[in-house]
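Reviewing the structure listed below.
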Amino acid sequence: MAGPYTGNIVNSDEHLFFFIDELGKYLGPKSGTGRLLVIDGEPQRITTKPEIGTYFDYFIIQAYKPGSDSNLDKRLIDGKVWGPGLVETFGGVMTEEVITRRTIMTENFEATDAAMDGGYPYTDRYGNSMKSLEGMARWQPRNGFRKGGVGTYHIEAEFGTSPEYKNIRRAIQIMNPSSHSLLKN
């Protein structure tokens, strides 16, 4: 017998924990290897085993079409958008600052028109309108801690912009300004 593992891990936080605990021996902050272990999707919904959060270097949140800073704050802190917030889920075993620093919000660029345009309509907490990827990059979490970053699903769909990947390059510049151009020569 291989162990207490039965059934599908998708339907059981306990089974998922067994799997992540095993991965954590080789990847992630508990392994000591320097190899990243990230979770992509809606990790804030792993509510019955909050200790699982300590195994991940980053939480990648699929915050597709968030529309506003408020939506991102809820996904991170308060919840009420696809379940509890990350802080609600993992706050008993990790500090709010650590959780925030490990959080990467992502936009869906699967639709080429959205990728070419920088995402979907977005309004920040000050009433400024922009596209969602820029909004995610400019978003400063309400708790005052620095976020982990932003990203896109199907980044390759933005290749056709001029210059290539102009929206993700702009997001990088917003979060981490450089005196050097990120544009290809």
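Read the figures in this text as sums done on the coordinates, not as results from a lab. Not measured: the values here are computed from a predicted model. Methodologically, a virtual Cβ is constructed for each residue, glycine included, from the backbone with ideal geometry; neighbour enumeration extends over all protein chains shown.
Here are a few things to note about the model shown:
- The mean sequence separation of alpha-carbon pairs under 8 Å and at least six residues apart, normalised by the residue count of the chain, gives a relative contact order of 16 percent.
- For the Cα trace of the range 1-90, dividing Rg by the Kirkwood Rh returns an Rg/Rh value of 1.02.
- Computed across the range 113-185, the Kirkwood hydrodynamic radius from all distinct Cα-Cα pairs reaches 13.0 Å.
- Annotation for the range 126-177: chymotrypsin sites (Phe, Trp or Tyr not before Pro) lying in DSSP loop with at most 15 further Cβ atoms inside 10 Å of their Cβ are Tyr126, Phe159.
- Remark: the range 25-38, residue by residue, has Karplus-estimated 3J(HN,Hα) of 6, 10, 9, x, x, 7, 7, x, 8, x, 8, 6, 10, 10 Hz, where x stands for each Gly or Pro and the curve is 6.51 cos²θ - 1.76 cosθ + 1.60 at θ = phi - 60°.
- The alpha carbons of the range 1-152 give a radius of gyration and a Dmax of 16.4, 59 Å, in that order.
- In range of the label at Ser179: residues from the range 125-147 whose backbone nitrogen is under 13 Å from the point 7 Å along Cα→Cβ: none
- The alpha carbons of the range 30-83 stretch over 38, 22, 14 Å along the principal axes, in descending order.
- Estimated vicinal HN-Hα couplings, Hz - the range 169-178 in sequence order (Karplus 6.51, -1.76, 1.60; Gly, Pro = x): 4, 5, 4, 4, 4, 5, 7, 9, x, 10
- The chain: angle of helix 13-23 to the longest principal axis, Cα-based, in degrees nearest 10: 80 degrees
- Size of electric dipole in the range 1-159: Cβ of Lys, Arg +1 and of Asp, Glu -1, about Cα centre, debye, nearest 20: 400 debye
- Nonlocal amide H pairs with Leu37, under 5 Å, H built at 1.01 Å: Gly28, Asp57, Tyr58
- Top of Ser68, Ser132, Ser162 by mean-square fluctuation, Gaussian network on the chain, Cα under 10 Å: Ser162
- Residues with amide H under 5 Å from that of Glu107, placed H, sequence gap 5 or more: Gly151, Thr152, Tyr153
- Gap separating the Cα centres of the range 115-185 and the range 78-108, nearest whole Å: 20 Å
- Using θ = phi - 60° in the Karplus curve 6.51 cos²θ - 1.76 cosθ + 1.60, the 3J(HN,Hα) couplings for the range 87-97 round to 5, 4, 6, 10, x, x, 10, 9, 6, 4, 5 Hz; x is entered for Gly and Pro.
- Restraint check, Lys30/Lys131; Lys25/Lys74; Lys65/Lys166; Lys30/Lys65, Cα-Cα greater than 27 Å: Lys30/Lys131; Lys25/Lys74; Lys30/Lys65
- A simple count of charges around Phe145, restricted to other residues whose Cβ falls under 11 Å of its Cβ and scoring Lys, Arg +1 and Asp, Glu -1, yields +3.
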